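Everything on this sheet refers to the single structure shown next.
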Amino acid sequence: MGPRVCIEVKGVGFGYQGGQALSDVSFSVHEGEYLGIIGPNGGGKTTLLKIVLGLLSPDEGSVRLFGEPSEEFSQRYRIGYVPQGHGAEPFPASVSEVVWSGRFPRMGLLARRSPEDREAVGRAMEAAGVHEISRRLLGQLSGGERQRVSIARALASGPEVLILDEPSVGVDIGAQEAFYAFLGKLNRDQGMTILFVSHDVGVVAREVGTLLCLNKRMVCHGRPENIIKGDFLETVYGSHVKNVYHRHGNLKNAGHDAGHDAGGCDAP
Amino acid sequence: MLPEFLSYGFMQRAFAAGLMIGVIAPLIGTFLVVRNYTRLADTLAHVSLAGVAGALMAGLDPVAGAVCVALLAAVGVEALRGRGNVVADAALAIFLWGGIALAVVLISLSRGFNVDLFSYLFGSIATVGGDDLIVIAALGALVVLVLGVFYRQMFMVSFHEDLALASGIRVRLVNHVLVALAALTVALSLRVVGLLLVGALMSIPVLAAMRFARSFRMVIALSVCLSLASVVSGLVLSYYLDLASGGTIVLVSVGIFIVSLLPGRNK
């Protein structure tokens with residue numbers, strides 16, 4: 001038997017008033033998998049995340065979380081979510097309060113803080129490197145620090161899956177590198193299942209084990225080295241794309257102005 | 001030995017009412033301020049005027065009328081907002097204008113209670129009776145209790161609605177509870193500062209507290225302290241200088257806020 005399926009998306013379709021955002025998307029995320037979702041702006045990446053997280057209900061198809069239909073799944077704390085922006089609004093709370101709030105769903109909303117809870121929150125703060133700033137106000141932190149707080153908050157509930165939406169937006173390059181190293185370690189050493197959305201093709205291709213390209217429908221799904229070749233960018237993003245190279249020589253980004261029909265790409 | 005101003009029964013009742021409202025107004029106000037939703041307090045206050053007018057016409061208790069109408073409006077605002085086809089600001093504005101319009105019509109239908117109504121517009125803490133105190137104490141305790149039970153959910157929902165939803169928090173329920181608590185607080189505060197200034201008592205101490213606080217809990221604790229300081233000094237000043245109590249209380253809190261802006265503070 002292979003690894004357990006954590007997330008199963010089957011034939012999902014979703015439309016906003018302006019038109020169809022997603023059609024017929026199907027994939028599974030297995031335990032320990034590191035999946036990156038890429039695609040042009042308006043390609044449905046965030047919509048798909050919201051459907052997986054239960055923030056939106058799909059018009060067609062279904063989502064199962066740990067084998068249960070999403071709408072009946074009650075143990076949401078098993079999935080840690082790091083939203084886009086990391087609370088850019090200056091919310092007047094300390095780092096410690098925000099990280100603890102990630103623990104509330106698991107510990108119950110009236111229960112006292114048990115030694116186990118304290119340990120879990122301590123571990124999460126240490127893993128994300130926010131122990132030393134735990135007494136600072138959120139508004140006093142840099143983008144990178146806020147991102148780490150966001151991760152610590154997600155880890156505090158002891159999740160089995162981590163879902164991140166554009167985690168590197170608003171974070172400087174140095175902090176980004178450290179952040180992806182941290183995610184990779186989490187995946188390798190602790191077997192954390194990770195799913196993240198990014199527009200940064202280079203980073204995603206370098207970091208993840210599986211790549212899913214989305215442009216209103218699934219364009220390709222498989223190992224990055226099997227997908228990123230030839231006319232891949234044009235296929236996913238449309239024809240108006242430019243290749244830009246990172247400091248590290250990685251392919252960085254594809255045009256934001258794209259959004260054309262993707263054409264075929266062989267799904268492995 | 002009581003100070004001179006506390007030797008009168010009406011001032012004792014005014015202080016008791018003021019202190020209770022001084023606690024609950026910033027408690028609920030904190031959650032409205034951090035969500036940029038303080039206009040809710042103003043809206044509910046204006047709608048309560050219709051409740052007061054209706055109750056006075058029917059010979060019922062005006063505070064009870066205000067509580068009922070404010071609660072109904074709170075549920076209405078949340079329903080309209082929750083559907084997503086009316087933006088929050090517009091939903092609030094519709095209720096605010098509707099409430100005033102209804103109050104004006106009720107007032108025009110029945111002449112003779114204009115003076116009473118005036119005291120709800122600007123507050124008239126000196127006329128708080130023993131029965132009012134019991135109502136304020138009972139419902140005020142309810143507000144504090146419910147807030148205590150829902151504190152963690154309210155923190156999560158205020159911090160990030162989508163995150164709370166993704167963690168399995170029943171966001172709609174929490175939002176309904178918050179607006180209902182706001183409605184109770186507003187209706188109970190009408191006698192103390194008047195409907196035109198309820199929103200001020202619920203937000204200004206919080207805004208000042210946010211300048212000093214190092215955590216969310218400290219925002220709450222400090223805003224209660226600043227609000228109590230405003231109520232006590234406002235009442236004492238209004239007694240000795242013969243000023244309108246509601247206006248004086250709010251002016252003191254504005255003064256505290258201005259001091260909080262002086263350089264060298266937190267942010």
Among beta bridges assigned by DSSP with both residues in the protein assembly as shown, the antiparallel ones amount in percent, to the nearest 5, to 55 percent
Mean per-residue count of partner chain Cβ within 10 Å for A:100-111 equals 4
Subtracting the Cα-Cα distance of A:Val169 and A:Ser142 from 0.36 nm times their residue separation yields 8.5 nm
Expected integer from the mean partner chain Cβ neighbour count at 10 Å over B:149-155 is 4
Long-range share for the protein assembly as shown, i.e. C-alpha pairs more than 43 Å apart as a percent of all pairs, stands at 31 percent
Rounded to the nearest whole number, the Stokes-Einstein translational diffusion coefficient of chain B at 10 °C and 1.306 mPa s (Kirkwood radius, C-alpha pairs) in µm²/s is 85 µm²/s
Taking 0.36 nm per residue of separation between A:Glu132 and A:His30 and subtracting their Cα-Cα distance, the length gained on full extension comes to 33.3 nm
Among B:Ala166, B:Val63, B:Leu49, the residue whose Cα sits farthest towards the positive end of the charge dipole of the protein assembly as shown, when +1 is placed on the Cβ of each Lys and Arg and -1 on the Cβ of each Asp and Glu, is B:Val63
Calc'd 3J(HN,Hα), region B:55-66, phi into Karplus 6.51 cos²θ - 1.76 cosθ + 1.60 (θ = phi - 60°), Hz, glycine/Pro = x, comes to 5, 4, 4, 8, x, 9, 6, x, 5, 4, x, 5
Binned at 5 Å from zero, the C-alpha pair distances of region B:1-132 give percents of 2, 10, 16, 19, 18, 15, 11, 6, 3, 1, 0, 0
Counting only residues 5 or more apart in sequence or on a different chain, those whose built amide H sits under 5 Å from that of A:Tyr81 are A:Ile163
Dimensionless Rg/Rh of region A:90-159, both radii on Cα and Rh by Kirkwood, sits at 0.96
Cα gyration tensor of region B:124-267 diagonalised, 5x eigenvalues square-rooted, in angstrom largest first, produces semi-axes 29, 22, 11
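How big is the charge dipole of region B:24-134 about its Cα centre, in debye rounded to the nearest 20, if each Lys and Arg gets +1 on its Cβ and each Asp and Glu gets -1 on its Cβ?
Its charge dipole is roughly 360 debye.
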To the nearest 20 debye, region B:160-217 has a Cα-centred charge dipole, built from +1 on Lys and Arg Cβ and -1 on Asp and Glu Cβ, of 180 debye
Check: C-alpha center region B:13-78 vs C-alpha center region A:197-226, spacing in Å is 53 Å
Going residue by residue through region A:186-200, the Karplus relation 6.51 cos²θ - 1.76 cosθ + 1.60 with θ = phi - 60° gives ³J(HN,Hα) values, rounded to whole Hz and with x marking Gly or Pro, of 4, 5, 6, 7, 9, x, 5, 7, 10, 10, 9, 9, 8, 9, 8
Taking every residue of A:131-141, the Cβ atoms of other protein chains inside 10 Å of its Cβ average out to 2
Toy charge model, Lys and Arg Cβ at +1, Asp and Glu Cβ at -1: the protein assembly as shown dipole around Cα centroid in debye, rounded to 20, equals 800 debye
Cβ-Cβ cut-off under 11 Å around A:Ala21, Lys and Arg +1, Asp and Glu -1: the net charge is +3
Pairs over 18 Å Cα to Cα, from A:Lys10/A:Lys50; A:Lys50/A:Lys229; A:Lys50/A:Lys216, come to A:Lys50/A:Lys229
Expected vector for region A:135-142, Karplus 3J(HN,Hα) from phi with 6.51, -1.76, 1.60 and θ = phi - 60°, integer Hz, x for Gly and Pro, equals 9, 7, 7, 4, x, 9, 9, 7
Checking region B:65-165 for trypsin sites (Lys or Arg not before Pro) in a loop per DSSP with at most 16 other beta-carbon atoms within 10 Å yields B:Arg111
If R0 = 51 Å, then B:Asp162 and B:Glu4, at their Cβ-Cβ distance, give a FRET efficiency to the nearest 0.05 of 0.35
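Taken together, the values in this text are just the output of simple stated rules run on the coordinates, not laboratory data. All values derive from a computational prediction rather than experimental measurement. Neighbour counts run over all protein chains shown; Cβ positions are idealised from the backbone, glycine included.
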